[in-house]
Amino acid sequence: MSRYIEKVEKINLPVIPTRGLVAFPSVPLSFEIEREISIAAVNAAKDSDMYILLLCQKSIDCDTPTPLDLYDVGTVCRIKQTHNAPGGITRVIAEGVCRAKALSFTAVGSCMYCDVMTKTVSLENCEDDVHAQALMREAITALETMMAFAPADSNDILLSAHSIKNPGQLADFIASSA
């Protein structure tokens, strides 16, 4: 019998507003930042525990986003590496940790902070759950059908998908890869 475990906690994190970039839990991502608000958030994360909150902007045209310009659900990410490139651009490599809901925002200098409610969901012993296994096979079959129309390097995506044993992680991986 599989066991559903949910962990919820409230934390305060620096915010990076993203334009057209969506992060998913357990999925690594690489992106570039150059706005002062984003660089301040990365610096604040470096000074503490390397965790940030990525929130998507409602409009990619906004250069100075306020809390009203951001969606209220995002992803807590752990910064793995940063690199300062020429021209004031910083490349960030991070990995999604869990989903989060924004509760309230505060500004400290040029950095935006947010109190968030994080939610981590896990399913233990899902290898024994026939229903979960059937849903995972159905999702992989749909991914295989979709990847038949993609370039040749899509085989790597399929191999990775077949190796994932957790239904939630599989769903996040497919959403981020498709």
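The values are calculated or read from the model by the stated rules, or taken from the named source; none is laboratory data. This structure is a prediction, so every number in the text was calculated from the model and none was measured. FYI the Cβ positions are ideal-geometry reconstructions off the backbone, even for glycines, and counts take in every protein chain you see. Note: accessible area is taken over every heavy atom of the protein model, side chains too, but ligands, DNA and RNA are not part of it. Shrake-Rupley method; radii C 1.70, N 1.55, O 1.52, S 1.80 Å.
Residues in segment 96-102 carry Karplus couplings, in order, of x, 10, 7, 7, 8, 10, 6 Hz; the curve used is 6.51 cos²θ - 1.76 cosθ + 1.60 with θ = phi - 60°, and Gly or Pro positions show x. Normalised by the number of residues in segment 31-178, the mean separation of alpha-carbon contacts (under 8 Å, six or more apart) gives a relative contact order of 17 percent.
Taking label positions 7 Å along the Cα-Cβ direction at both residue 110 and residue 63, the computed distance is 1.3 nm, reported to one decimal. Evaluating 6.51 cos²θ - 1.76 cosθ + 1.60 at θ = phi - 60° for every residue in segment 77-86, the Karplus couplings come out as 10, 9, 6, 8, 7, 10, 9, 7, 9, x Hz, glycine and proline recorded as x. Dimensions of segment 1-88 based on its C-alpha atoms, expressed as ranges along the principal axes with the largest first, amount to 54, 28, 21 Å. Computed extension length for residue 93-residue 48: 14.5 nm, one decimal, from 0.36 nm per residue of separation with the Cα-Cα distance subtracted.
The long axis of helix 130-147 is offset from the longest Cα principal axis of the chain by roughly 70 degrees.
For residue 26, the residues whose amide H sits under 5 Å from its own are 96, 97, ignoring neighbours fewer than 5 places away on the same chain, with H placed 1.01 Å from N. Accessible surface area normalised per residue over the chain is 58 Å², counting heavy atoms of protein chains with a 1.4 Å rolling probe. For segment 1-88, the list of chymotrypsin sites (Phe, Trp or Tyr not before Pro) that fall in a loop by DSSP and count at most 16 other C-beta atoms within 10 angstrom reads 71. Under 5 Å between amide hydrogens, built in the peptide plane, is the criterion, and for residue 73 it picks out 102 among residues at least 5 positions away or on other chains.
I'd like the carbon and sulfur percentage of the solvent accessible area for the chain, probe radius 1.4 Å, heavy atoms only, ligands and nucleic acids excluded. Exposed carbon and sulfur together represent 55 percent of the surface.
Annotation: average projected area of the chain is 11.7 square nanometres, based on the convex hull of Cα atoms across all directions. Rounded to 0.05, the FRET efficiency of the residue 73 and residue 145 pair, given R0 = 41 Å and the Cβ-Cβ distance, is 0.90.
Only one residue of 143, 93, 83 has its Cα farthest out toward the positive end of the dipole of segment 32-178, where Lys and Arg carry +1 and Asp and Glu -1 on Cβ, and that residue is 83. With θ taken as phi - 60° and the Karplus curve 6.51 cos²θ - 1.76 cosθ + 1.60 applied, the whole-hertz 3J(HN,Hα) list for segment 112-120 is 9, 10, 9, 7, 10, 9, 8, 9, 10 Hz, x standing for glycine and proline.
Taking one quarter of the surface of the convex hull spanned by the alpha-carbon atoms of segment 45-102 gives a direction-averaged projected area of 4.8 nm².
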